[in-house]
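Student: First, the structure itself, so that you have it in front of you.
The values are calculated or read from the model by the stated rules, or taken from the named source; none is laboratory data. Predicted, not measured: the structure shown is a model, and the values here were computed from it. Cβ atoms come from the backbone with ideal geometry, glycine included; neighbour counts cover every protein chain shown. Quick note on the areas: whole protein, heavy atoms, side chains included, nothing else; ligands and nucleic acids left out. Shrake-Rupley method; radii C 1.70, N 1.55, O 1.52, S 1.80 Å.
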2 protein chains.
Amino acid sequence: MASGGVGEEVLRNKQVMLRDYVINGFPKESDMYVTANTVKLKVPEGSNGVLVKNLYLSCDPYMRGRMKPPTYASYLDSFTPGSPISGLGVAKVLDSGHPNFKRGDLIWGLTGWEEYSLITATESLFKIHNTDVPLSYYTGILGMPGMTAYVGFYEVCSPKKGEYVFISAASGAVGQLVGQFAKLLGCYVVGSAGSKEKVDLLKNTFGFDEAFNYKEEPDLSAALKRYFPEGIDIYFENVGGKMLDAVLVNMRINCRIAVCGMISQYSLEQPEGVHNLMNLILKQARMEGFMVPNYYHKYPEFLNLVLPYIKEGKIVYVEDIAEGLESGLAALAGLFTGRNVGKQVVVVARE
Amino acid sequence: MASGGVGEEVLRNKQVMLRDYVINGFPKESDMYVTANTVKLKVPEGSNGVLVKNLYLSCDPYMRGRMKPPTYASYLDSFTPGSPISGLGVAKVLDSGHPNFKRGDLIWGLTGWEEYSLITATESLFKIHNTDVPLSYYTGILGMPGMTAYVGFYEVCSPKKGEYVFISAASGAVGQLVGQFAKLLGCYVVGSAGSKEKVDLLKNTFGFDEAFNYKEEPDLSAALKRYFPEGIDIYFENVGGKMLDAVLVNMRINCRIAVCGMISQYSLEQPEGVHNLMNLILKQARMEGFMVPNYYHKYPEFLNLVLPYIKEGKIVYVEDIAEGLESGLAALAGLFTGRNVGKQVVVVARE
């Protein structure tokens, strides 16, 4: 069954463990720790899983919910304190008990935060066929965040040329891509972010029409009115809370809000109250939540669109690379205070 | 131009005036007053308006917003203190300068809270052709609230047979009809209302599967969980605030919320905060505001559906009738404390 060659070799396997649930507040590096275990580089007899070497791990906002106890509603099951955390990543197959995967295949999907993982939920893995782009892109523009931008913008927002588009957390893994999709369609695009560096990136690298630092705006509604004197047609929602309230009073008729995430709320004891929902009626607006796994059947169509854009330089993608599994703790924690500039990736190994 | 007969007759014209803007708090009877003016029962020379005798006036929740100063966002322009208020009503044409209307026609649309009105915005008037139903129905089931229930349920909610439907303010002008539409489609229907009498009406007269008095539920989320152990597919939102928050944690996947109104919020200084919007993502739910004037082109199609239902007794409609223009002040104010049982109508004259 196993495709031989690696045999019974036993190696050290460094792992990132959750120390204890993090209910409120920003997660800290010290909420996790690295430990060293061992791994046999072989799929157990009778298993149809795959044994992979992890290359790139993805830091994503939804992971905050998994640090909470199981009683909290979240996207996925909670992590288990004292066990390795898991997340999306790019990996190389070292041994396979599954007919669809063979040694040497590159995959992306749900894996462990460790050097080597035995993945049994192989149905969630995607095989990587295009390797003439950076492999780390499969944690970002060519992975879940890319698909999120794609379905959130094209499917949920029903965008039209010339519309006024606002994106929060706009320099992040998803936002930077939504903005570039919107520009390619001929929209007017404004993004918010949390530092001058990110604002510059939005305007100069991603080609947004305008961008602003929300931390420097005492009145978010006034800021939006400044950039959207005629109001907002499409809001790609990544942050929630006060920014959402400010958008609600700056909508145009038939505004669409794609609710992708609410990162400003994930670490609060209770989410902030949103007061201006009445405007949904006055503006006949639609607010719609979505989750990308429901759209993965569109992944090939997505690749057909976005791979040429990347190769032709029509879309650029900025990553924030943390080197080494040990650096992943700070990288993941930093996501929730906006420390990262662009998509946060952790390099475990480069092949 | 005028069709003669009424000539230069001058009559007393009682009018309901707004005393002053009502910013916060429930409007009171004393925020309005009745005064007597005079009227010439003739359309002025050169006007293409119509002179009508008002028969039935409609008390509608959106009117609360018109009592606020113009700086507050609302559906329509603010009322003017010291001037008669306006609203939807049923009236009889006494004189007409417009080719589409003639003396004796019955109409419904925007008119004044007074005995006689000169209506110049005739484009908003609907001619009444079916008079074998109570004429007052054109303020309710056959008027704006009926169309609101129709488009809100069928167009915005995309309902399917067997789905779990929850309606707040369910015994009101719109809610009672939404519930009956949902039952006719084969949905499971639960309504909330503010008294035992209304709850009985929902269950015994309108045929809801279940109903509860929200004032007797210390935990609205627990109440909804009791009636919807598997969650809510469709929420027809009339109240906002705490009830919306309770619905958000009781949604099924792909829940649709038609945002029709938020009457619990209209008299507050600041709307309550809604905390559970994150569930829109987790449940991939859609929340959509709508306003019925955008759908008036479907009015004939709506009448074709609902008139037979009424005549066959498949749909019933409960009105709360206030006799006389003077009684309109308390009737309108009472709408915001839920005093009315069913659609609140004011009879000015019966032909």
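Student: Sort A:LEU106, B:LEU11 from largest to smallest accessible area, using a 1.4 Å probe on the heavy atoms of the protein chains. Working shown, then result.
Tutor: On the way: A:LEU106 25, B:LEU11 55 Å².
From most exposed to least exposed: B:LEU11, A:LEU106.
Student: Taking the Cα centre of the protein assembly as shown as origin, sum charge times position over the Cβ atoms of Lys and Arg (+1) and Asp and Glu (-1), and report the length of that vector in debye to the nearest 20.
Tutor: On the way: 68 positive and 74 negative charges, 121 e Å.
For this selection, approximately 580 debye.
Student: Another one. Using only the Cα atoms of the stretch A:112-230, what are the Rg and Dmax in Å?
Tutor: 17.0, 54
Student: Springs between alpha-carbon pairs under 10 angstrom, Gaussian network model over chain B: which of B:GLU210, B:GLU326, B:GLU301 fluctuates most?
Tutor: Of the options given, B:GLU301 has the highest mean-square fluctuation.
Student: Using only alpha carbon positions, build the gyration tensor of chain A, then give the equivalent ellipsoid semi-axes as the square roots of 5 times its eigenvalues, largest first, whole angstrom.
Tutor: Numbers: eigenvalues 273, 98, 59 Å².
The equivalent ellipsoid of chain A has semi-axes of 37, 22, 17 Å.
Student: Carbon and sulfur: what percent of the protein assembly as shown's accessible surface (1.4 Å probe)?
Tutor: Details: 13820 of 27190 Å².
Solvent-exposed carbon and sulfur of the protein assembly as shown make up 51 percent of the total.
Student: Say a label goes 7 Å from Cα toward Cβ at B:ASP20 in every copy; what distances in nm does this one have to the rest, shortest first?
Tutor: Inter-copy label distances (nm, one decimal, shortest first): 5.8.
Student: OK, next. Pull up the DSSP beta bridges for the stretch B:144-293 and report the antiparallel fraction as a percent, rounded to 5.
Tutor: Values: 0 of 20 bridges.
Around 0 percent of the beta bridges assigned by DSSP in the stretch B:144-293 are antiparallel ones.
Student: Please pull out the direction-averaged projected area of the stretch A:134-200, using the convex hull of its alpha-carbon atoms, in nm² to one decimal place. Could you put the intermediate results ahead of the total?
Tutor: Values: hull surface 18.4 nm².
About 4.6 nm², averaged over all directions.
Student: Looking at chain A as a GNM with Cα springs under 10 Å, which of A:GLN15, A:GLN180, A:GLN284 has the largest mean-square fluctuation?
Tutor: Ranking A:GLN15, A:GLN180, A:GLN284 by mean-square fluctuation puts A:GLN284 first.
Student: Here's something else I'd like to know. Among A:ASN213, A:LEU244, A:LEU282, which residue has its Cα positioned farthest towards the positive end of the charge dipole of the stretch A:144-293, with +1 placed on the Cβ of Lys and Arg, -1 on the Cβ of Asp and Glu, and the dipole taken about the Cα centre?
Tutor: Going by the Cα projections, it comes out as A:LEU282.
Student: Ordered shortest first, which distances in nm separate the 7 Å Cα→C-beta label point of A:TYR296 from those of the other copies?
Tutor: 5.0
Student: Restricting to bridges with both residues inside chain B, how much of the DSSP beta-bridge set is antiparallel, in percent to the nearest 5? Numbers along the way, then the final one.
Tutor: Values: 34 of 59 bridges.
For chain B, the DSSP antiparallel bridge percentage is about 60.
Student: If you roll a 1.4 Å probe over the heavy atoms of the protein chains, what accessible area per residue do you get for the protein assembly as shown, in Å²?
Tutor: Roughly 39 Å² per residue, with all protein chains present.
Student: Just to be sure I understand: if you take the accessible area of chain A alone plus chain B alone and subtract the pair, with a 1.4 Å probe, what total do you get in Å², rounded to 100? Intermediate values should be presented prior to the final figure.
Tutor: Details: alone 14840 and 14790 Å², together 27190 Å².
Adding both sides of the contact gives about 2400 Å².
Student: Calculate the dipole size of chain B relative to its Cα centre from +1 charges on Lys and Arg beta carbons and -1 charges on Asp and Glu beta carbons; express the result in debye to the nearest 20. Before the final figure, lay out the partial values.
Tutor: On the way: 34 positive and 37 negative charges, 76 e Å.
Value, rounded to 20: 360 debye.
Student: Return the average number of partner chain Cβ atoms within 10 angstrom of each residue Cβ along peptide B:250-262. Provide the component values of the computation, followed by the final result.
Tutor: Details: counts 0, 1, 0, 2, 2, 1, 1, 2, 1, 9, 1, 2, 4.
Per-residue shielding by partner chains comes out at 2.
Student: Can you compute the FRET efficiency between A:ARG19 and B:GLN270 using 1/(1 + (r/R0)^6), with r the Cβ-Cβ distance and R0 = 51 Å? Round to the nearest 0.05. Before the final figure, lay out each step's value.
Tutor: Numbers: r = 41 Å, r/R0 = 0.80.
The pair A:ARG19/B:GLN270 has a calculated efficiency of 0.80.
Student: Rounded to whole Hz and in sequence order, give me ³J(HN,Hα) for the stretch B:218-225 from the Karplus expression 6.51 cos²θ - 1.76 cosθ + 1.60, θ = phi - 60°, writing x for Gly and Pro.
Tutor: With the stated coefficients, the stretch B:218-225 comes to x, 10, 5, 5, 5, 4, 5, 4 Hz.
Student: Run the label-point distances for B:ALA349 please: 7 Å along Cα to Cβ, every other copy, nanometres, shortest first.
Tutor: Counterpart label points of B:ALA349 in the remaining copies fall at 9.2 nm.
Student: Treating the beta-carbon of each Lys and Arg as +1 and of each Asp and Glu as -1, no other charges, what is the dipole magnitude of the stretch B:144-293 about its Cα centre, to the nearest 20 debye?
Tutor: Working: 14 positive and 16 negative charges, 68 e Å.
The dipole of the stretch B:144-293 has a size of about 320 debye.
Student: Something else now. Kindly write out, for the stretch B:99-116 in residue order, the coupling ³J(HN,Hα) from the Karplus curve 6.51 cos²θ - 1.76 cosθ + 1.60 (θ = phi - 60°), rounded to whole Hz, with x marking Gly and Pro.
Tutor: x, 7, 10, 9, 3, x, 4, 9, 9, 10, x, 7, 9, x, 8, 6, 6, 10
Student: From zero outward in steps of 5 Å, how is the percent of C-alpha pairs of the stretch B:144-293 spread across the bins?
Tutor: Using 5 Å bins, I get a P(r) of 2, 11, 21, 25, 23, 13, 4, 0, 0 for the stretch B:144-293.
Student: With contacts defined as alpha carbon pairs under 8 Å and 6 or more residues apart, what's the relative contact order of the stretch A:232-351 in percent?
Tutor: Details: 153 pairs, mean separation 24.2, N = 120.
Over the stretch A:232-351, the number comes to 20 percent.
Student: If you don't mind, another one. Please compute, for peptide A:269-277, the average count of beta-carbon atoms on other protein chains lying within 10 Å of each residue's beta-carbon. Let's see the in-between values first.
Tutor: On the way: counts 0, 3, 7, 4, 10, 7, 7, 5, 14.
The mean count of partner-chain Cβ atoms within 10 Å per residue comes to 6.
Student: Now for a different question. Rounded to whole Å, how close does chain A get to the rotation axis onto B by Cβ? Give me the residue too, please?
Tutor: Nearest Cβ to the rotation axis, residue and whole-Å distance: A:GLY273, 1.
Student: May I pose another question? Could you tell me whether the protein assembly as shown comes out rounded, prolate or oblate from its Cα gyration tensor? Rule is a ≥ b ≥ c as square roots of the eigenvalues, rounded for a/c under 1.5, then prolate if a/b exceeds b/c, otherwise oblate.
Tutor: Values: a/c = 2.68, a/b = 2.27, b/c = 1.18.
Prolate is the answer for the protein assembly as shown, as a/c is 1.5 or above and a/b outweighs b/c.
Student: Quick one: 3J(HN,Hα) in Hz for the stretch A:311-319, Karplus 6.51/-1.76/1.60 with θ = phi - 60°, rounded, Gly and Pro as x.
Tutor: Here the 3J(HN,Hα) series is 5, 7, x, 7, 10, 10, 9, 10, 10 Hz.
Student: Using the charge dipole of the protein assembly as shown (Lys, Arg: +1 at Cβ; Asp, Glu: -1 at Cβ; taken about the Cα centre), state which of B:GLY109, A:ILE321, B:ILE85 has its Cα farthest towards the positive end.
Tutor: Projecting each Cα onto the dipole axis, the largest value belongs to B:GLY109.
Student: Next up: What does DSSP give for the protein assembly as shown in terms of the percent of beta bridges that are antiparallel, rounded to the nearest 5?
Tutor: Working: 72 of 122 bridges.
That works out to approximately 60 percent antiparallel.
Student: Still on this model: Mind checking which aspartates and glutamates have their C-alpha under 17 Å from A:LYS42, skipping anything on the same chain fewer than 8 residues away?
Tutor: A:GLU8, A:GLU9, A:ASP95, A:ASP105, A:GLU114, A:GLU115
Student: At what distance in nm do the modelled label points of A:ASN204 and A:TYR72 sit from each other, each positioned 7 Å from its Cα along Cα→Cβ?
Tutor: Placing both labels 7 Å along Cα→Cβ, they lie 3.7 nm apart.
Student: Say a paramagnetic label sat at a point 7 Å from the Cα of B:GLU230, along Cα to Cβ; which residues of the stretch B:148-187 have their backbone N under 15 Å from it?
Tutor: B:160-166, B:186-187
Student: Rounded to the nearest Å, what's the spacing between the alpha carbon centres of the stretch B:89-164 and the stretch B:230-245? Just the number, please.
Tutor: 28
Student: If you don't mind, another one. Only Cα pairs within less than 10 Å get springs; with that Gaussian network setup on chain A, which residue of A:PRO229, A:PRO44, A:PRO84 has the largest fluctuation?
Tutor: A:PRO229
Student: Can you tell me the length gained on complete extension of the stretch B:LYS160 to B:ILE253, counting 0.36 nm per residue apart and subtracting the Cα distance? Mind dumping the intermediate values first?
Tutor: Numbers: separation 93, 0.36 × 93 = 33.48 nm, distance 1.41 nm.
Using 0.36 nm per residue and subtracting the Cα-Cα distance, I get 32.1 nm.
Student: Of B:LYS160/B:LYS298; B:LYS160/B:LYS283; A:LYS161/A:LYS242; A:LYS215/B:LYS68; B:LYS183/B:LYS311; B:LYS28/B:LYS183, which ones are farther than 26 Å apart at the Cα? List each step's numbers first, then the result.
Tutor: Working: B:LYS160/B:LYS298 21 Å; B:LYS160/B:LYS283 18 Å; A:LYS161/A:LYS242 28 Å; A:LYS215/B:LYS68 33 Å; B:LYS183/B:LYS311 18 Å; B:LYS28/B:LYS183 36 Å.
Violating the 26 Å Cα-Cα cut-off are A:LYS161/A:LYS242; A:LYS215/B:LYS68; B:LYS28/B:LYS183.
Student: On to the next question. Quick one: compute a quarter of the convex hull surface over the Cα atoms of the stretch A:207-276 and quote it in nm². Could you put the intermediate results ahead of the total?
Tutor: Values: hull surface 21.0 nm².
Reported value for the Cα convex hull: 5.2 nm².
Student: Only residues of the stretch B:203-237 count here: report those whose backbone N is under 20 Å from the spot 7 Å along Cα→Cβ of B:LEU184, or say none.
Tutor: It comes to B:203-210, B:234-237, nothing else.
Student: Please quote Rg/Rh for the stretch B:13-153 to two decimal places, taking the Kirkwood radius as Rh and restricting both calculations to Cα atoms.
Tutor: Details: Rg = 15.5 Å, Rh = 15.9 Å.
Radius of gyration relative to Kirkwood radius: 0.98.
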